[in-house]
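Notes for the one structure printed next.
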């Protein structure tokens, strides 16, 4: 039971073991890439909004700039 849960967890977090989303869902990313003659060398994981700079608004300076 624990082994099954651990295997499921590892398949969810490992890129090569995840199901290929554009396929029928039965093929993994690793199987798809190797069927096309490729090889996963490296990948980068981004979180939503990561790397985007948040604008810092200073209300007083904004009002002063509009007043002139």
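The values are calculated or read from the model by the stated rules, or taken from the named source; none is laboratory data. Source: prediction; values computed, not measured. Glycine gets a Cβ as well: all are built from the backbone with ideal geometry, and neighbour counts include every protein chain shown.
Below are the figures for this structure:
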| item | result |
| --- | --- |
| Of residues in the stretch 26-45 being part of a loop (DSSP other than H, G, I, E, B) and over 18 Å from the mean Cα position of the chain (by Cα), the one modelled with the lowest pLDDT | 26 |
| Members of the stretch 6-22 found to be in a loop (DSSP other than H, G, I, E, B) and touching a strand residue (DSSP E or B) at 6+ places or on another chain (Cβ under 9 Å), listed by number | 18, 20 |
| Test: residue in the stretch 57-65 that is within 20 Å of the chain's Cα centre (by Cα), surrounded by 10 or more Cβ atoms within 10 Å (Cβ to Cβ) and assigned to a helix (DSSP H, G or I) | no |
| Failed condition for residue 5, given (1) exposed (fewer than 12 other Cβ atoms within 10 Å of the Cβ); (2) touching a residue at least 24 places away in the same chain (Cβ under 8 Å) | (2) |
| Among (1) surrounded by fewer than 10 Cβ atoms within 10 Å (Cβ to Cβ); (2) assigned to a loop (DSSP other than H, G, I, E, B); (3) more than 14 Å from the chain's Cα centre (by Cα) - the single one residue 48 does not satisfy | (3) |
